[in-house]
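Comments concern the structure below.
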Amino acid sequence: QSCTLDAEGHCITCSDEALQVRVLSVDCDTGIALVERGENTEEIDVSLVEEVAPGDVLLVHGGVAIAALKKVNEE
């Protein structure tokens, strides 16, 4: 699924809001990352975002990272 966000950060296809998460760890072989969102952790697909590293902040929609908001090496 492809997602294009409007000015408020909502998907223009399904109207869901994308969420910001922080990467805790990445399994490069599977393209899955463990992320934290508030006090919860979950696994997400990061195959659409290049070079994800622990500490990066990603925008996630439907369990898939759709954009990198802040890369740890850009701080």
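The values are calculated or read from the model by the stated rules, or taken from the named source; none is laboratory data. Note that the structure is predicted; figures quoted are calculated from it, not measured. Every residue, glycine among them, receives a Cβ derived from its backbone with ideal geometry; neighbour counts consider all protein chains shown. Please note that ligands, DNA and RNA were not included when accessible areas were found on the heavy atoms of the full protein model with its side chains. Shrake-Rupley method; radii C 1.70, N 1.55, O 1.52, S 1.80 Å.
The set of residues from the stretch 65-75 being surrounded by 13 or more Cβ atoms within 10 Å (Cβ to Cβ) and more than 13 Å from residue 22 (Cα to Cα) comprises just one member, 66. Each residue in the stretch 25-58 was checked for being open to solvent by less than 60 Å² (accessible area, probe 1.4 Å), part of a strand (DSSP E or B) and either at pLDDT below 90 or in contact with a helix residue (DSSP H, G or I) (Cβ under 9 Å, 6 or more places away or on another chain) (or both), and 1 pass.
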